[in-house]
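Down below is the structure, laid out as structure tokens.
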Amino acid sequence: MGTSYSAVGWNRQKRIYDQVIAGCCVLYLVLFVLITVTVNPDCTFETVLLRSTSTLAVFILHVILSIGPLTRLNKKFLPLLYNRRHLGVTMFLLSAVHAVFGILQFHSLGNVNPLVSLFTSNTHYGSIADFPFQSLGFFAFVIFLLMAITSHDFWLHNLTPKTWKTLHMFVYLAYFLVVMHVMLGVIQYETNPVFVVIMISGAFILITLHLIAGMAEVKKDKKAYRPEEEGFVQVCDVRDVEESRAKIFCIAEERIAVYRHENKIYAIHNVCKHQGGPLGEGKILDGCITCPWHGYQYLPHNGQSPPPFTEKVSTYKVKITGNTIWLKPTPDTAGTTQQGAAVPAE
Amino acid sequence: MFTIVVYCLLIVIALYLLAGVVFTIFFQAKGLSCIDEGTHGSSLGFRVIIIPGCIVFWIVLLRKWMNIKAKNRAKANKEKRLL
Ligand code: HEM
Ligand code: FES
């Protein structure tokens with residue numbers, strides 16, 4: 001939060017997560033090499049390296065792109081979301097080995113600059129069967145590179161969150177470029193259709209997941225609220241909100257998290273000041289609403305981060321009649337103290 | 001023709017990045033603590049890990065640094081006049 005930066009924000013869970021990622025990667029690479037050597041002993045070292053790192057990078061890319069919709073569909077996937085950044089950097093490092101070896105193997109032996117050769121050794125840009133697919137891989141790689149070098153929080157603050165987010169949305173363009181890089185490449189050097197089948201099924205799964213999660217979200221956002229009374233709208237029954245947890249409501253296109261804490265109800269803006277994480281999907285730890293993405297904390301009654309931190313989110317007025325929670329959807333200035341509403345005894 | 005265009009583009013990019021390298025040396029020495037309070041007392045690892053980003057996004061950082069410097073200078077002048 002407001003404290004000084006360290007190189008990598010590790011804690012016990014993140015270390016375990018990273019060790020699992022590293023272990024799985026090593027296992028995959030070793031298995032890939034062993035299987036290739038037994039099935040196809042003529043395969044050169046460079047080819048095995050190119051293929052093992054690229055296929056693993058593409059697999060991790062699919063995992064990264066599925067985490068978002070999966071967590072929206074089911075909270076059980078939240079631990080995967082936590083630390084997605086390290087998965088991204090791992091994917092980048094693997095694709096860097098593939099890219100550098102690709103350039104070394106195919107473009108560094110002539111007297112033309114390897115990067116120039118990458119774009120000019122094959123100029124059939126109008127052809128599908130002979131398309132210079134490596135240039136597509138190069139552009140995807142540049143996007144991954146830009147994302148990896150700006151993955152530290154320092155960049156989120158100094159490029160501004162909006163620019164940073166836009167830059168990171170380019171991952172979808174990079175994904176498209178990778179798909180085309182593989183498909184157009186495979187037509188040229190491979191008779192076995194297995195790569196094409198894997199790529200198409202991967203893309204199909206990703207698109208379906210995004211569509212399902214998107215539709216679920218739209219349905220929630222479209223829900224109309226009951227008639228108003230002094231600017232308050234009826235949102236739900238107190239028994240629907242568990243202690244230390246929240247429910248999220250989207251009213252007039254704003255998402256609001258309604259939390260229950262020590263038998264009182266409070267409402268704050270759902271968007272975390274760090275990277276826009278969904279505060280209502282987190283829970284209350286040590287008396288603070290804790291963002292599920294990277295753990296920023298806010299006090300339920302005033303939306304302020306506990307000192308020495310200075311982040312603040314907007315708060316909202318709530319009241320309870322009978323067992324019904326009413327919420328006033330106009331926000332009070334970030335950090336405004338609210339009385340909350342006491343939950344009636346059962 | 002196409003080859004020449006690619007060569008020229010590469011040279012332009014190389015020059016831009018070279019400027020980034022020069023900028024990063026000065027920036028790490030003086031600018032970093034000026035533009036972001038979070039960097040006070042930060043670790044050496046942090047300084048190393050942001051180097052590639054500084055080389056690529058030097059224009060953004062330079063603009064921010066100059067803006068803050070101009071603001072500080074204006075503030076200092078105002079205080080002088082008041083004295
Ligand atoms: C400068 C950038 C890149 C270059 C020069 C490059 C080059 C190549 C080459 C030469 C092949 C064919 C390898 C073979 O004959 O077996 C290939 C295939 C492939 N590339 Fe790339 N590539 C680049 C970037 C990427 C990136 C960023 C990814 C994805 C993360 C990627 C994923 C793949 C995959 C999955 C294959 C098919 C499997 C394989 O044969 O390795 N490439 N690439
Ligand atoms: S988005 Fe990072 S902590 Fe909330």
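The values are calculated or read from the model by the stated rules, or taken from the named source; none is laboratory data. Owing to the predicted nature of the structure, the values given are computational and were not obtained by experimental measurement. Don't worry about glycine lacking a Cβ; one is built from the backbone with ideal geometry, like all the others, and counts go over all protein chains shown.
What helices (runs of 4 or more DSSP H), lying completely within region A:1-116, carry at least 2 residues that are within 15 Å of ligand 1 (Cβ to nearest atom)? Explain how you work it out, then say what you get.
On the way: elements: A:12-39, A:45-73, A:78-81, A:84-107.
Qualifying helices (runs of 4 or more DSSP H): A:12-39, A:45-73, A:84-107.
Give me the residue from region A:308-325 that is β-branched (Val, Ile, Thr) and assigned to a loop (DSSP other than H, G, I, E, B) and, out of that set, nearest to the chain's Cα centre (by Cα). It would help to see each step written out before you state the result.
We begin by selecting, within region A:308-325, every residue β-branched (Val, Ile, Thr); these are A:310, A:313, A:315, A:318, A:320-321, A:324-325.
Restricting the remaining residues to those that are assigned to a loop (DSSP other than H, G, I, E, B) gives A:310, A:313.
Numbers: A:310: 25, A:313: 22 Å.
Only one residue tops the list, namely A:313.
For (1) within 14 Å of chain B (Cβ to nearest Cβ); (2) under 30 Å from residue A:296 (Cβ atoms); (3) surrounded by fewer than 14 Cβ atoms within 10 Å (Cβ to Cβ); (4) free of Cβ contacts under 8 Å to residues at least 12 places away in the same chain, each residue gets a yes or a no:
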residue: A:62; (1), (2), (3), (4): no, yes, no, no
residue: A:66; (1), (2), (3), (4): no, yes, no, no
residue: A:83; (1), (2), (3), (4): no, yes, no, no
residue: A:88; (1), (2), (3), (4): no, yes, no, no
residue: A:92; (1), (2), (3), (4): yes, yes, no, no
residue: A:96; (1), (2), (3), (4): yes, no, no, no
residue: A:102; (1), (2), (3), (4): no, no, no, no
residue: A:105; (1), (2), (3), (4): no, no, no, no
residue: A:126; (1), (2), (3), (4): yes, no, yes, yes
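Please go through region A:135-172 and pick out each residue that is touching a Gly at 6+ places or on another chain (Cβ under 6 Å), closer than 19 Å to residue A:61 by Cβ and part of a helix (DSSP H, G or I). First the steps, then the outcome.
Applying the first criterion (touching a Gly at 6+ places or on another chain (Cβ under 6 Å)) to region A:135-172 yields A:149-150, A:155.
Pick out the ones that are also closer than 19 Å to residue A:61 by Cβ and you get A:149-150.
Within region A:135-172, just A:149 meets the criteria.
Does residue A:160 meet the test of being within 14 Å of another protein chain (Cβ to nearest Cβ), surrounded by fewer than 18 Cβ atoms within 10 Å (Cβ to Cβ) and modelled with pLDDT under 95? It would help to see each step written out before you state the result.
Numbers: within 14 Å of another protein chain (Cβ to nearest Cβ): yes; surrounded by fewer than 18 Cβ atoms within 10 Å (Cβ to Cβ): yes; modelled with pLDDT under 95: yes.
Yes, satisfied.
Have a look at A:173, A:209 and point out the one that is surrounded by 12 or more Cβ atoms within 10 Å (Cβ to Cβ) and in contact (Cβ under 8 Å) with a residue 40 or more places away in the chain.
Numbers: A:173 fails: in contact (Cβ under 8 Å) with a residue 40 or more places away in the chain.
Residue meeting the stated conditions: A:209.
Between a first residue in region A:326-344 that is closer than 18 Å to residue A:240 by Cβ and a second residue that is of a type in the set (Lys, Arg) and part of a loop (DSSP other than H, G, I, E, B), which pairs have beta carbons less than 8 Å apart while being 6 or more apart in sequence or on different chains?
A:327/A:317
Scan region A:233-249 and give yes if some residue there is within 14 Å of another protein chain (Cβ to nearest Cβ), more than 16 Å from ligand 1 (Cβ to nearest atom), assigned to a loop (DSSP other than H, G, I, E, B) and among the hydroxyl-bearing types (Ser, Thr, Tyr), otherwise no. Step through it out loud before you land on a result.
Of all residues in region A:233-249, those within 14 Å of another protein chain (Cβ to nearest Cβ) come to none.
Within region A:233-249, not a single residue is within 14 Å of another protein chain (Cβ to nearest Cβ), more than 16 Å from ligand 1 (Cβ to nearest atom), assigned to a loop (DSSP other than H, G, I, E, B) and among the hydroxyl-bearing types (Ser, Thr, Tyr).
Looking only at region A:212-235, filter to residues that are crowded, with 16+ Cβ neighbours inside 10 Å and under 19 Å from residue A:341 (Cα atoms); which one of those is farthest from the chain's Cα centre (by Cα)?
A:232
Considering only region B:45-65, state which residues are at the interface with another protein chain (Cβ under 8 Å from one of its Cβ atoms) and farther than 18 Å from residue A:164 by Cβ.
From region B:45-65, those at the interface with another protein chain (Cβ under 8 Å from one of its Cβ atoms) are B:45-46, B:48-50, B:52-53, B:56-57, B:60-61, B:64; that's our starting set.
Listed by number, the residues that qualify are B:45, B:48.
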